[in-house]
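One structure is given here, and the rest of the page talks about it.
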Amino acid sequence: MNFLKLTMIAVLFAAAPTWAGSLTGPQKNALRSAQQYLSISGFSRSGLILQLSSDYGDGYNVSDATVAVDNLNIDWNKQAVRSAKQYLSISGFSCKGLITQLSSSAGDDYTESQASYGARQAGAC
């Protein structure tokens, strides 16, 4: 029984977000980079991880980028609204077109729910 209890504690501990104080150097740097990106533009969780880990972005390894992003306290719905408003400021979009742009893996890669929320709140629907 104690083995099961210890195993469950270990699983829960491993699944818990890493606290900023225990981040490695590269994770702290990725966290700072993520904050800089978010100060400029809206990003989905997966889009921000991709930006941080891409060879065309910052080049952090995916695990460091993921830990960094998961240590941010981000409302992804609000980020979707920001992105939607940015799109609408440069071009017209139908409701469906904006949701597709926001949720497409070739676009911003928000979840369908986040993209719908963003498009509605930005006034496209």
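Only the coordinates and a few stated rules stand behind these numbers; no lab work does. Treat the numbers as computed from the prediction; the structure is a model and nothing was measured. Neighbour counts are summed over all protein chains in view; Cβ atoms, including those assigned to glycine, are modelled from backbone coordinates with ideal geometry.
If the chain linking K28 and E112 were pulled fully straight, counting 0.36 nm for each residue of separation and taking away their Cα-Cα distance, it would gain 27.2 nm.
Subtracting the Cα-Cα distance of R120 and S63 from 0.36 nm times their residue separation leaves 17.2 nm of extension gain.
Other residues within the sphere of radius under 12 Å centred on the Cβ of G118, judged by their own Cβ, net out at +1 (K and R +1, D and E -1).
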